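Let me begin by presenting the structure, written as structure tokens, before commenting on it.
No value in this document is a laboratory result; all are computed from the given coordinates. Keep in mind that what you see is a predicted model, and the values were worked out from it rather than measured. Cβ placement follows ideal geometry from the backbone for every residue including glycine, while neighbour counts extend to all protein chains displayed.
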Amino acid sequence: MRHASLLCLSLLTLSTIASAQMQPPLTITHVTQVTPLPNGIAVTADGGILQITALRPDALRIRITQGTQLPEDASWAVLPAARTATTTVEQDSTATTVGFHTADLRVILDRASATITVTDTAGHILQQDIRPVEYHGTGFRLYKQMQPDEHFFGLGDKVGPLDRRGQAFTLWNSDTFGWQESTDPIYKSIPFFISFNQGRAVGILVDNTFRSSFDFGKELRDAYSFGAPDGPIDYYLLYGPTPKQVVEDYAWLTGPSPMPPLWSLGFQQSRYSYFPESRVMEIANRLRADHIPADAIYLDIDYQHHNWPFTVDTDRFPTFPGMIKELAAKQFHVVAITDLHIAKQPNVGYAPYDTGVAGDHFVKNPDGTYTGWVWPGNAVFPDFTQHQSREWWGTLYKSFYDLGIAGFWNDMNEPALFNIASKTMPDDVQHRIDEPGFLKRTTNHLEIHNIFGMENTRGTYEGLLKLKPDLRPFVLTRASYAGGQRYSATWTGDNSSTWNHLRLTTPMLLNLGLSGFAMSGADVGGFAGTPQPDLLTKWIELAAFQPIDRDHTADGTGDQEVWVHGPAQEDIRRRYIEQRYKLMPYLYTTAEQMARTGIPIVRPLFLEFPDATPDHHPLDLDAPAEFLFGPDLLVAPAPYPDELDAYEVHLPPGEWFDFWTGTRVNHAAPLVSQDAEQRNAAQVHLIVKPTLDVLPVYVRGGSILPLQPLVQSTNETPSGPLTLRVYPGDNCHGTLYQDDGISFAFRTGTFLRMDSTCQLTPGSLHIHIGAHQGTFHPWWKQLAIEVYGVPSTTTTATVNGKPYSLTAPSDGKFTITVPDTGKGIDLSLP
């Protein structure tokens, strides 16, 4: 009878759930009361309330609830200064609508339906509800009009094409070893996207930490939508109108990536795992013996005692402190993995567990401390929503940091678990929120899951800062949420050693950059599996032009270091890594722009060239494999890298030069002509025949690129002049940024910035190298100024008004070497 009763109860429960799902959704309609606010409006309607406020003239916040009071005003993602920013608005009201406007935006709320329309001041619709807000129990969904020419970008490293239109996604951090093109969700949940429609860009951040979903025209042909099963409706609208302005606005809202240590931009060698100690030294010595520039070696979990985080296996690594010291002497930085699970090992002197229990720092089941099975076996998990638990976590790094370990890798932090169908914590695990700016309360894992990895890295980053306040931390994470870029770099997780995964790398990194995570990379060569020789070579070529350049592979796969597959392959791979190091002044300058503005290092074409096509659709749709490395270098791999057929390269309008040869590639007409506007109005199309040893790279006309002599690590001081490559063109300019690469002294003026320009007119070229700004003293004493694309037979020039003898042009360029006194240089060629 007991079983029959349980069966009846189960059937009744299922019937109740099914009945609820069949009920029509509750909607918020019919405005009944409007309260003007200095920065917006508060609205009462049938079914709920709305509050729409302007943070800035180009930034709105929209909060909606089906209750009578807005929920707690707190955020893990949005910076407090941005969330509470305000600007004065002018109220608008008609018989059928109510709203307000700023200098940039107009908000129109329909009195009958309570639907929202946002336009620019010229009346162009930027976002428009197509139906009232829908509530399904505690869950909600918002539907917006999708314009015929609207395209969508962002949501982090979701797999698939750069443009999200026609696709649907779930945001729920998931451990997805060997993910494929159709896999969703994967490791990160970044509920931010950019809409781009006929030259106008809008950014949307949906600040809800529950398992959310986004649909860009898959459910309904003419609508996009987003929603979650619980939590607040709290979203932000950021208006460009340019995509670059939206990205900068998002950095203002959630914070940019911090200035990275210089060494983290160098080549990084890793695998799961390098052990024992002799193997680590063998890898380091081979890199130096083969003159392969490198800056970092990673230690995966096998350096630990029984996979217990914050321990060392002294059998495999008998002189661990000495090894770290010896690697530092060879100019290698060690990055050590520290997974967030703590081995449940009481009464054995395992300090992370003992101190965690003593401080009550672990998450709990409703009836006691939660344990789960991971790499060390039975494990417990820090309660990162408690600020005191994050502070405790940060102290665990002291001994490793004191040894000289330079960076830390927070993996498995979705959180990932074994021996459970969901591969993560159960929904009812309890998290105690004890955080400045939040109400102190206990909630379940459904609300915290997507921020768990971010708060893990926050504890690591802030802990390292506390241990060494003047040293820039380097933290690498697999899982995160919006705003997590403030604490860590990231990578695209456990990819595979296939040509298709090489192809998928570019759109994933581009969308990560647009979503705030500008310091990102993908496992070079692929993690799961052993790459074919040509695949590894092409991957190393491509990764030389990406923010994080880490060669990494899985346990049980073949060797994947640069020298495998013989000298011919090694020579090609070495040459691209060397080129990365020669470009380090340019890359570091771009990283400083990233840390200051949020503009990513790798960029889709439309970010720099939003008007590249006559109808203003993103040029990237025509050139799906191309991307920009910084503002001035365009990288154009084959759309399908395993195909041998020739392919078309689409260059944005303007002048372009071949990076490898220095030759102009797009115009037979003279570089200087009266038709500059016409010359720069059309795209340029090139046919490229792929070869193993050449990755096509092009330089934007009007660029001044800084390069340095080759070094074997970023710790090595370059020997010789700093090279400035001048590629004449419209609006010709360039910037160089330098500092010590490791500290925060740049915040108090210890940096160097040098701005340069050039102007080409019929018969003359004038180059101005700006005076040094800041107090940092650079490594160079001379500048080698290389000028490309200017045919001339002249043998004289003037430098700061004094005659200067030239050698004849070589390989289509002039080279002029002059002292750099820091006071500025004016160079003229007749």
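A few points about this structure:
- Once the chain from Arg279 to Thr798 is taken as fully extended at 0.36 nm per residue, the excess over their C-alpha distance is 181.2 nm.
- Estimated distance in nm for a label pair at Glu391 and Ser182, the labels positioned 7 Å out from Cα along Cα-to-Cβ: 5.0
- Relative contact order of region 151-285, pairs being alpha-carbon contacts under 8 Å that are 6 or more residues apart, as %: 20
- Set of lysines near Lys466 by C-alpha distance (under 26 Å), chain-local residues within fewer than 8 positions excluded: Lys325, Lys398, Lys440
- Computing FRET efficiency as 1/(1 + (r/R0)^6) for Gln69 and Tyr640, where r is the C-beta to C-beta distance and R0 is 56 Å, gives about 0.55.
- Computed over neighbours whose Cβ is under 14 Å from that of Leu253, the net charge equals -1, Lys and Arg +1, Asp and Glu -1.
- Two-site label geometry, His30 and Thr815: point separation in nm, points 7 Å out along Cα→Cβ: 8.1
- Rg to Rh, two decimals, where region 255-491 supplies the alpha carbon set and Rh follows Kirkwood: 0.97
- Here the peptides 376-387, 616-627, 515-526 are ranked by packing, the mean other Cβ count within 10 Å, and the order with the highest first is 515-526, 376-387, 616-627.
- Paramagnetic label zone (point 7 Å from Cα along Cα-to-C-beta, Asp571; backbone N under 14 Å) in region 811-826: none
- By average C-beta atoms within 10 angstrom, highest first, the peptides 488-500, 808-820: 488-500, 808-820
- Kirkwood Rh in Å, taken over region 718-821 so that all alpha-carbon pairs contribute: 15.1
- Formal net charge of residues neighbouring Leu710 (Cβ-Cβ distance under 13 Å; K, R +1; D, E -1): +2
- Largest-first principal axis extents of the Cα set of region 478-602 (Å): 43, 31, 21
- Counted by neighbouring Cβ atoms within 10 Å, the residues Tyr804, Tyr727 run from fewest to most as Tyr804, Tyr727.
- Once the Kirkwood radius over Cα pairs is known for region 714-755, the Stokes-Einstein relation at 4 °C and 1.567 mPa s delivers a diffusion coefficient of 101 µm²/s.
- Close amide H partners of Gln386, meaning residues 5 or more places away or on another chain with modelled amide H under 5 Å apart, are Asp434.
- Relative contact order %, the chain, counting alpha carbon pairs below 8 Å whose residues are six or more apart: 10
- Local electrostatic count at Asp739 - Lys and Arg +1, Asp and Glu -1, tallied over other residues with Cβ under 12 Å: +1
- Of all DSSP beta bridges confined to region 255-491, the antiparallel ones make up roughly 50%.
- In this simple spin-label approximation, Ile742 and Ser764 carry label points 7 Å from Cα along the Cα→Cβ vector, and these lie 4.7 nm apart.
- Fraction of alpha-carbon pairs over 23 Å apart in region 123-254 - percent: 31
- Here the chain is treated as a sphere whose radius is the Kirkwood value from Cα pairs; by Stokes-Einstein at 20 °C and 1.002 mPa s it diffuses with a coefficient of 75 µm²/s.
- Table column - 3J(HN,Hα) (Hz), region 237-244, Karplus curve with 6.51, -1.76, 1.60, x for Gly and Pro: 10, 10, 9, x, x, 7, x, 4
- Straight-line cross-link reach from Lys802 at under 19 Å between alpha-carbon atoms covers these lysines, not counting any fewer than eight positions away in the same chain: Lys823.
- Dimensions of region 217-371 based on its C-alpha atoms, expressed as ranges along the principal axes with the largest first, amount to 62, 54, 30 Å.
- Dipole magnitude of the chain about its Cα centre (Cβ charges: Lys, Arg +1; Asp, Glu -1), debye to nearest 20: 1060
- Rounded to whole numbers, the Karplus 3J(HN,Hα) couplings from phi for region 405-418 are 5, 8, x, 9, 10, 8, 10, 6, 9, 5, x, 9, 9, 9 Hz, using 6.51 cos²θ - 1.76 cosθ + 1.60 with θ = phi - 60°, and x at Gly and Pro.
- Cross-link partners for Lys244 among the lysines, with Cα-Cα distance under 28 Å and sequence neighbours closer than 8 places in the same chain left out: Lys144, Lys158, Lys188, Lys218, Lys582.
- The string of couplings for region 756-768 from the Karplus curve (6.51, -1.76, 1.60, θ = phi - 60°) is 10, 9, 9, 9, 10, 10, x, x, 7, 9, 10, 10, 10 Hz, one whole number per residue in order, with x for Gly and Pro.
- Lys/Arg +1, Asp/Glu -1 at C-beta; the chain dipole; positive extreme among Gly377, Thr442, Asn365: Thr442
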